[in-house]
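Structure, as structure tokens:
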Amino acid sequence: MMNRLEAFEMWCYRRILRISWIDHVTNESVLRRMHASRKLLATVKRRKLEYFGHMLRGPKYELLQIIMKGKIEGKRRIGRKNLSWLRNIRTWSGLNVEELFRVASDREQYKELVDGLLRSE
């Protein structure tokens, strides 16, 4: 997913600059010409992390909390597992599920975690 987002962002920059797909122009030179850096993935990460914390603290999101904690009965369909929200957030934060839910329940501590993760990029 992350590679696709970065590729889409570069495709958009190339379209803005009207660079043909057959021209050999590096991504770094495209970013220099745009006076930009890669922002799309960081924006997606920030919004996903912020919404996750908001959802875990809100009482009206009780059903989503149950789903995120994996307490749904039944079987899942056959095939490869989809990359889940929780797996993305665990990968980005480096925390296990219990630590994530504990940190997310404290708004200030979770905000510091999100800010630290985004600063480290």
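The values are calculated or read from the model by the stated rules, or taken from the named source; none is laboratory data. Every value quoted in this text rests on a predicted model; they were computed, and no experiment measured them. With ideal geometry, Cβ positions are generated from the backbone for all residues, glycine too; neighbour counts draw on all protein chains shown.
Taking the numbered list (1) modelled with pLDDT of 85 or more; (2) of a type in the set (V, I, T); (3) exposed (fewer than 14 other Cβ atoms within 10 Å of the Cβ) in turn, I78 passes all entries but (1).
Restricting attention to region 1-17, which residues are surrounded by fewer than 15 Cβ atoms within 10 Å (Cβ to Cβ) and not hydrophobic (A, V, I, L, M, F, W, C)? The answer is N3, R4, E6, R15.
Taking the conditions (1) surrounded by 14 or more Cβ atoms within 10 Å (Cβ to Cβ); (2) of a type in the set (S, T, N, Q); (3) in a loop (DSSP other than H, G, I, E, B) in turn, Q65 satisfies each one other than (3).
Have a look at S20, S37, S29 and point out the one that is part of a helix (DSSP H, G or I), hydroxyl-bearing (S, T, Y) and loosely packed, with under 13 Cβ neighbours inside 10 Å.
Working: S20 fails: part of a helix (DSSP H, G or I); S37 fails: part of a helix (DSSP H, G or I).
Every option except S29 fails the conditions.
Conditions (1) under 26 Å from L5 (Cβ atoms); (2) surrounded by fewer than 12 Cβ atoms within 10 Å (Cβ to Cβ); (3) modelled with pLDDT under 85, marked per residue:
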site	(1), (2), (3)
T43	yes, no, no
R47	yes, yes, no
G58	no, yes, yes
Y61	yes, no, yes
E108	no, yes, no
E121	yes, yes, yes
